[in-house]
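Structure first, then comments.
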Amino acid sequence: MTEEYKIPPFLNQIVIIAVIIIAFIGMKYVAPILGPVLISVFIAILIYPFLMWLKKKGFSYNISILITIVTTFVLGVGLLAILVDSLSQLAAAAPNIKINPDSFLGTYANQITQFLLSNIPLENIAGFIEISFFLLFAVIFLIYELPYVKSRLVKGFGKDSPTLKHTFDLVGDFIEYFVIRIKVNLFAAVGFLSIYLLFDINFAVLWGILAFVLGFIPYIGIMLAAIPPILLAWAKYGIWGALGITVLFVIINTIAESYIFPKLTGKGLQISVYIVFISLFIWGWLMGLIGMFLAVPLTIVVIKYLDNFKETRWLALLMTTDDEKEKEKVEKE
């Protein structure tokens, strides 16, 4: 009678980590296609609860899906129209945006302004419209398919399948994270927009939308969103106007990130600050700007994957944190 051969635990760890590395390499090569597809999937998953909410309110499935699709299309086209119009106006006004070179650090501010304008593809608005419509219709088709996908998964894996349960839990984590992030970003964007309107900053709506979108990039996104309006305030009001907007910007962002965000997240899955920061560069390297937008949810996928195997669960624990318990333990030591 032969003994059953078991793979050593350390070898299991190596195999699982090797699979992740191979997956990363593959993602790097298909990033131009994978990025927009992932964005459409995440947006569709985020809109799906609205469809379910309509059904709970008593609407039939057909009416609910129709309302959801029409609402998504109208909002998408409306947002695209605002962005295209704002970008067109910015492209026309860009050559005239100048900061007094004799003012404090004015020369450097002009260099930064010209660098930013030269790296924004204002002339490629047609390409922006093309990718936007692809995302819009991809989201609409996926919203229509999502309920069927769910039923197909249940039919394929079985209602009590652990794999299916983990998948639905993961989708729930995505929705929870994005809903919280949307609330925080919306508060910050409205606050920033109010500042821009108060100071009569050109393209205020564009910078407000930019703040909302870049708010999904942890830490550095909101700083990038602040640069253009601060430079415009500098050009219009001088250094003191720029400093005034900066102070107000910091106050609103501090309220959003240090008070509202922690209050909404509660005791859910907390990713290590270091891991979040590093993930920005890893996912950014893999998929560019889209990877930075999706850095947190994609990192959650990796953590959940590692947590499914006892050999790599320690890595998942290393990537997450419970600040209150860890702080108490450190203080006791």
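The values are calculated or read from the model by the stated rules, or taken from the named source; none is laboratory data. Bear in mind that the values here come from a model prediction, so they are computed numbers and not experimental data. Cβ atoms come from the backbone with ideal geometry, glycine included; neighbour counts cover every protein chain shown.
Answer with yes or no whether ILE22 is of a type in the set (A, V, I, L, M), under 16 Å from LEU298 (Cα atoms) and modelled with pLDDT of 80 or more.
Details: of a type in the set (A, V, I, L, M): yes; under 16 Å from LEU298 (Cα atoms): yes; modelled with pLDDT of 80 or more: yes.
Answer is yes for this residue.
Quick check on my filter: what residues within segment 146-166 are over 26 Å from PHE73 (Cβ atoms), among the polar types (S, T, N, Q) and out of contact with any helix residue (DSSP H, G or I) (no Cβ under 7 Å at 6 or more places or on another chain)?
Residue satisfying the conditions is SER161 alone.
Of LEU87, LEU54, LEU80, which residue is surrounded by 15 or more Cβ atoms within 10 Å (Cβ to Cβ) and modelled with pLDDT under 85?
Details: LEU54 fails: modelled with pLDDT under 85; LEU80 fails: modelled with pLDDT under 85.
When all the criteria are applied, what remains is LEU87.
Here is a yes/no grid of residues against (1) farther than 22 Å from LEU298 by Cα; (2) surrounded by 18 or more Cβ atoms within 10 Å (Cβ to Cβ); (3) modelled with pLDDT of 85 or more; (4) of a type in the set (D, E, K, R):
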| position | (1), (2), (3), (4) |
| --- | --- |
| PRO162 | no, no, no, no |
| LEU170 | no, no, no, no |
| ALA204 | yes, yes, yes, no |
| TRP207 | yes, yes, yes, no |
| PHE212 | no, yes, yes, no |
| GLY215 | no, yes, yes, no |
| PRO218 | no, yes, no, no |
| GLY221 | no, yes, no, no |
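Where the second residue is outside any helix (DSSP H, G or I) and the first is within 11 Å of VAL139 (Cβ to Cβ) and lies in segment 26-45, which pairs have Cβ atoms under 7 Å and are six or more apart or on separate chains?
Sorted first by the residue in segment 26-45, then by its partner, the pairs are PHE42/LEU294.
Quickly run through segment 265-280 and pick out the residues that are at pLDDT 75 or above and over 15 Å from PRO297 (Cα atoms).
Result: TYR274, single match.
Checking ILE143 against (1) buried (at least 16 other Cβ atoms within 10 Å of the Cβ); (2) in contact with a helix residue (DSSP H, G or I) (Cβ under 7 Å, 6 or more places away or on another chain); (3) under 29 Å from TYR219 (Cα atoms); (4) not small (Gly, Ala, Ser), which single condition isn't satisfied?
(3)
Go over the candidates ILE45, ILE99, ILE63 one by one and state the one that is part of a helix (DSSP H, G or I), at pLDDT below 85 and not aromatic (Phe, Trp, Tyr).
ILE45
Only one of PHE212, PHE216, PHE261, PHE277 is among the hydrophobic types (A, V, I, L, M, F, W, C) and outside any helix (DSSP H, G or I); which? Show your work before the answer.
Numbers: PHE212 fails: outside any helix (DSSP H, G or I); PHE261 fails: outside any helix (DSSP H, G or I); PHE277 fails: outside any helix (DSSP H, G or I).
Being among the hydrophobic types (A, V, I, L, M, F, W, C) and outside any helix (DSSP H, G or I) holds for just one of PHE212, PHE216, PHE261, PHE277, which is PHE216.
Given the criteria farther than 20 Å from ASN185 by Cα and surrounded by 18 or more Cβ atoms within 10 Å (Cβ to Cβ), does TRP314 qualify?
no
Among the residues of segment 280-293, which ones are part of a helix (DSSP H, G or I) and either of a type outside the set (Phe, Trp, Tyr) or within 15 Å of the chain's Cα centre (by Cα) (or both)?
LEU280, PHE281, ILE282, TRP283, GLY284, LEU286, MET287, LEU289, ILE290, GLY291, MET292, PHE293
Among (1) among the β-branched types (Val, Ile, Thr); (2) at pLDDT below 85; (3) surrounded by 20 or more Cβ atoms within 10 Å (Cβ to Cβ), there is one condition VAL179 misses while meeting the rest; what is its number?
For VAL179, the failing item is (3).
Taking ILE252 as the residue in question, decide whether it is over 18 Å from PHE212 (Cα atoms) and in contact (Cβ under 8 Å) with a residue 12 or more places away in the chain.
Answer is no for this residue.
Looking at PHE133, PHE141, which one is modelled with pLDDT of 70 or more, of a type in the set (Phe, Trp, Tyr) and touching a Leu at 6+ places or on another chain (Cβ under 9 Å)?
PHE133
Taking segment 185-202 as the region of interest, how many residues are surrounded by fewer than 17 Cβ atoms within 10 Å (Cβ to Cβ) and assigned to a helix (DSSP H, G or I)?
5
Scanning segment 230-264 for residues that are closer than 19 Å to ARG181 by Cβ, surrounded by fewer than 16 Cβ atoms within 10 Å (Cβ to Cβ) and not hydrophobic (A, V, I, L, M, F, W, C), which turns out modelled with the highest pLDDT?
THR254
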